Amino acid sequence: MLLKYKQTLPVKNTKVQMSLPGVTAESARLLLMDAQGLLSDPCRQATPSALQKLIEQMGFVQLDSINVVERAHHLTLASRLDDYKHEHFSWLLEQGRSLFEHWTHDASAIPTKWFAHWKPRFKRERERILNSLWWKERIGGEPDKIIDHVRERIAREGPLRSQDFEHDRRGTSSAWWGWKPQKAALEFLWSAGELMVTRREKFQKVYDLTERVLPEQSNAPQPSEGEHVEWACRTALERLVVATPKEMAEFWNAISIVQAKAWCEAAVRVGLTTPVLVESLDGTKPKPSFAIIDWEQRLRGLPDVPARTRLLSPFDPVLRDRARAHRLFNFDYRFEAFVPESKRQYGYYVLPILEGDRLVGRLDAKFHRRECLLNVRRIYWEPGIRVILSRRRELEKAVARLARLIGAHQITLPRLLSSGS
């Protein structure tokens, strides 16, 4: 059923809000964790089909280039599947083609069955980039000529990387701010949907024509605006269970907050969602939100929280919205890789420590690949967390699982696993 809705301005009514059903922070936290695969048995069989099912359940998995410990997507998936294998993910993305790489809020691996809902984004991105002064400075004075040349070479030669094109700006940085014209053209054609990332080599993108990578999906019709909004809101809420319109809109970063709010109000009228007030643990007021209509039934049917300690990626979906993580977990997390070293509080690449359904600390680690050594430099526990023997042993097990994932044969841990050790 496609909801019919109209866009309205938000109405603040304190009396109405006070009469809404309340959702405790713990309940919202557990519903989110379940929807994002953190309450399922991590010891279950980790086949390629199980991995595909997990990513579809989560919606997508974020990719990131930083590799101090391990790539973000591997950390995210391994925290949910003990026997996760890198090659299974690569096969789904690069051979099975049941995943494709593109943007949500950031670069992500996304189930291919939703590819049609990226076509509105392709159109928006084409227009945005063509009007971007930053991009114009990098593509140079003959953008059409550069774009046509890049497109023609890939059509004729097959998949190519940026480095397969002659560098017209010798001596300049190869980082994103120093893109050469051909790299700017490749990223434009990828963002606009003409090219796909067919695979990565040492995490460098290899581009090919979309019609060759995903021929069936490339020819599929684009959804209408109503169909697109319906899909974006339904699928986001299914993976959040309880959310604000802002959180729903930002899940895929595909629609506006106004569109999400209008959909929520229409969904309430037909009995798909219900307004609720969600408790906040960070000292702020309860958050007016919308919940799936059967949220209480889902809550009663949740499995037990796995009794173990896990190390999460800094880009884990339960953490990506820092404000929501603060409200639901009372965990104030900041990714400090881009913070000047002198101003960092915890470290360059710090992994949150999840104990059951609580975020209890942070682990600052680095993988020295040449020595196959995982060096845990510091561990920071949250206020009030006592470092008892059982907690230390569970953390050591989590570190050992991380070492197996990345291929570390040696582990160094601080002698005392106390706060700031």
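The values are calculated or read from the model by the stated rules, or taken from the named source; none is laboratory data. From a predicted model like this one, the values you see are computed outputs, not experimental measurements. Here the Cβ positions follow ideal geometry from the backbone for every residue, glycine too, while neighbour counts run over all protein chains shown. Each accessible area value is taken on the protein alone, full model and side chains, heavy atoms only, with ligands, DNA and RNA left out. Shrake-Rupley method; radii C 1.70, N 1.55, O 1.52, S 1.80 Å.
Before moving on, here are some points about what is shown:
- Scope the stretch 349-366; condition more than 17 Å from K397 (Cα to Cα) and hydrophobic (A, V, I, L, M, F, W, C); matching residues: V350
- Looking only at residues of the stretch 84-115 that are part of a helix (DSSP H, G or I) and out of contact with any helix residue (DSSP H, G or I) (no Cβ under 7 Å at 6 or more places or on another chain), we find that the one that is nearest to A403 (Cα to Cα) is E87.
- With respect to the conditions (1) under 14 Å from L328 (Cβ atoms); (2) open to solvent by 50 Å² or more (accessible area, probe 1.4 Å), P288 lacks only one, and its number is (1).
- Screening H167 with (1) open to solvent by less than 60 Å² (accessible area, probe 1.4 Å); (2) in a loop (DSSP other than H, G, I, E, B); (3) at pLDDT 95 or above gives one miss only, at (3).
- Failed condition for P42, given (1) open to solvent by 50 Å² or more (accessible area, probe 1.4 Å); (2) touching an Asp or Glu at 6+ places or on another chain (Cβ under 6 Å); (3) under 20 Å from H73 (Cβ atoms): (1)
- Pick from the stretch 349-404, criterion open to solvent by 10 Å² or more (accessible area, probe 1.4 Å) and of a type in the set (S, T, Y), ranking: nearest to A28 (Cα to Cα): Y380
- Number of residues in the stretch 72-98 that are farther than 20 Å from R44 by Cβ and either surrounded by 19 or more Cβ atoms within 10 Å (Cβ to Cβ) or touching a Gly at 6+ places or on another chain (Cβ under 6 Å) (or both) equals 2.
- Only residues that are more than 12 Å from H117 (Cβ to Cβ) and assigned to a helix (DSSP H, G or I) were counted across the stretch 232-261, and they come to 16.
- Screening the stretch 376-395 for residues that are part of a loop (DSSP other than H, G, I, E, B) and β-branched (V, I, T) and picking the one that is nearest to P414 (Cα to Cα) gives V387.
- A267 falls short of the stated requirement of being farther than 26 Å from E101 by Cβ, touching a residue at least 12 places away in the same chain (Cβ under 8 Å) and part of a loop (DSSP other than H, G, I, E, B).
- Pair list, Cβ under 9 Å, 6 or more apart: the stretch 224-244 residue open to solvent by 10 Å² or more (accessible area, probe 1.4 Å), other residue among the hydroxyl-bearing types (S, T, Y) and in a helix (DSSP H, G or I): V242/S27
- Candidate set from the stretch 131-140 (those that are in a helix (DSSP H, G or I) and without any contact (Cβ under 8 Å) to a residue 40 or more places away in the chain); member that is least open to solvent (accessible area, probe 1.4 Å): W134
Yes/no matrix, rows are residues, columns are (1) within 23 Å of H74 (Cβ to Cβ); (2) part of a loop (DSSP other than H, G, I, E, B):
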{"site": "P303", "(1), (2)": "no, yes"}
{"site": "R310", "(1), (2)": "yes, no"}
{"site": "S342", "(1), (2)": "no, no"}
{"site": "Q345", "(1), (2)": "no, yes"}
{"site": "Y348", "(1), (2)": "yes, yes"}
{"site": "P352", "(1), (2)": "yes, no"}
{"site": "G361", "(1), (2)": "yes, no"}
{"site": "L374", "(1), (2)": "yes, no"}
{"site": "A403", "(1), (2)": "yes, no"}
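- Taking the criterion of being more than 18 Å from L240 (Cβ to Cβ) and either buried (at least 20 other Cβ atoms within 10 Å of the Cβ) or without any contact (Cβ under 8 Å) to a residue 60 or more places away in the chain (or both), the only residue of the stretch 270-281 that qualifies is G271.
- Summed over the stretch 18-29, the residues that are at pLDDT below 95 and either surrounded by 15 or more Cβ atoms within 10 Å (Cβ to Cβ) or at positive phi (or both) give a count of 1.
- Qualifying residue in the stretch 48-64 (condition: of a type in the set (V, I, T) and open to solvent by 20 Å² or more (accessible area, probe 1.4 Å)): no
- Note on the stretch 294-331: among residues that are open to solvent by 20 Å² or more (accessible area, probe 1.4 Å) and polar (S, T, N, Q), the one that is nearest to V241 (Cα to Cα) is Q297.
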